[in-house]
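Q: Please see the structure below; I have some questions.
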Amino acid sequence: MNMRGLDPTSGVPLYLQVERSLRHRIDAEEWLPGARLPTEDELGKAYGVSRVTIRQALARLVDRGVLVREQGRGTFVRDTSLTAGARGVTSFTAELAGLGHPSGARVLEQSVLPAADCDLPKEMGLGPGDLLLRLRRLRTDTARPVGVQTALLPLERFPGLDRLDFTDRSLYQTLRETYGVVPREAIETFTVGGVLDEDAPTLGVAPGAHAFYVERLTFDAHGPFEYVRSVMRGDRYQIRLALR
């Protein structure tokens, strides 16, 4: 394979030229989403540049969300099929269904805690001794880990909710059918950070891997009824917003 049009005399650093070439090849679907790229050594030989140059180019594409690294496996083209677009007040299950993806959930923890132990936003309007259900679940897409979601719901509003088994049960469907709750709006805050040590094995990533941290406060006609904290794998979940 030749150097794919690299020009050492152009004044453009070689790692930028390699980055552009790789991006063009990815856009042209030479490697499809989920495909593993050749190794750094193989790419270096193909382009006639050093491994350091290849590593710089790949790192920039990882930072831009085009590629993802999986420890011990290699570098892959990011699968962008799980991209949330215009978003309504809905559940993760419904969101994935709208994208044509089967979702799943595994209960990691189901417990009852006082509000004093839950670090709630003041909008919830609860006293320190008010009890909440803490429901922590692994959310999956086609059985692949996507995120860990922790929902907190006041038991005074939803008596008996803590005694239900959510192994194969939709939380939002239960709230609607059993308690008559119809979500009207939600406020979400997104930040970017690294996956914590305690979440890394559950999500199947290395500690420190890129992730979205999401806080969501959900309202119905009577006010806020749910607070959710989520950590979502940055290589499997995206948000696309249309600005007008």
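Q: To the nearest 500 deg cm²/dmol, what mean residue ellipticity at 222 nm is calculated for the chain from DSSP H runs of n ≥ 4 alone, each contributing -39,500 (n - 2.57), summed and divided by the residues?
A: Numbers: 6 runs with 55 residues, N = 244.
Computed ellipticity for the chain at 222 nm equals -6500 deg cm²/dmol.
Q: Here is a follow-up. Calculate the length of the line joining the C-alpha centroid of the stretch 191-210 to that of the stretch 131-179, in whole Å.
A: Result: 22 Å between the Cα centres.
Q: Separate question: Could the peptides 209-215, 68-74 be put in order, highest first, of the mean number of other beta-carbon atoms found within 10 Å of their residues?
A: On the way: 209-215: 18.4, 68-74: 12.4.
The densest-packed peptide leads the list: 209-215, 68-74.
Q: Under 5 Å between amide H atoms, partner at least 5 residues away or on a different chain: which partners does Leu132 have, H built in plane at 1.01 Å?
A: HN-HN under 5 Å from Leu132: Leu113, Ala115, Leu155.
Q: Given H placed 1.01 Å from N in the peptide plane, which residues other than close sequence neighbours of Leu67 have an amide H under 5 Å from its amide H?
A: Under 5 Å from the amide H of Leu67 lie the amide H atoms of Val62, Arg78, each far enough along the sequence or on another chain.
Q: Right, something else. Cα convex hull of the chain: mean projected area in nm², to one decimal? Before the final figure, lay out each step's value.
A: On the way: hull surface 64.7 nm².
Here the figure is 16.2 nm², rounded to one decimal.
Q: How would you order 169-177, 47-55 from highest to lowest mean count of nearby Cβ atoms within 10 Å? Show your work: numbers first, answer last.
A: On the way: 169-177: 15.8, 47-55: 17.4.
So the order, starting with the most tightly packed, is 47-55, 169-177.
Q: Let's test the formula: R0 of 45 Å, r as the Cβ-Cβ distance of Arg51 and Arg229. What FRET efficiency results, to the nearest 0.05? Working shown, then result.
A: Working: r = 40 Å, r/R0 = 0.89.
According to the calculation, E is roughly 0.65.
Q: Accessible surface of Tyr179 in the full protein assembly, 1.4 angstrom probe, to the nearest 10 Å²?
A: 60
Q: Taking the Cα-to-Cβ direction at Arg169 and at Asp197 and moving 7 Å from each Cα, how far apart do the two end points lie in nm?
A: With each label point 7 Å from Cα toward Cβ, the separation is 3.5 nm.
Q: Another question about this same structure. How large is the convex hull of the C-alpha atoms of the stretch 4-47 per residue, in Å³? Can you show the working numbers first?
A: Details: hull volume 3.2 nm³, N = 44.
So the per-residue Cα hull volume is 73 Å³.
Q: Any idea what diffusion coefficient the stretch 107-244 gets from Stokes-Einstein, in µm²/s, Kirkwood Rh on alpha carbon pairs, 25 °C, 0.890 mPa s? Working shown, then result.
A: On the way: Rh = 16.0 Å.
D, rounded to a whole number, is 153 µm²/s.
The values are calculated or read from the model by the stated rules, or taken from the named source; none is laboratory data. Note that the structure is predicted; figures quoted are calculated from it, not measured. Every residue, glycine as well, gets a Cβ built from its backbone with ideal geometry; the counts of neighbours run over all protein chains shown. Please note that ligands, DNA and RNA were not included when accessible areas were found on the heavy atoms of the full protein model with its side chains. Shrake-Rupley method; radii C 1.70, N 1.55, O 1.52, S 1.80 Å.
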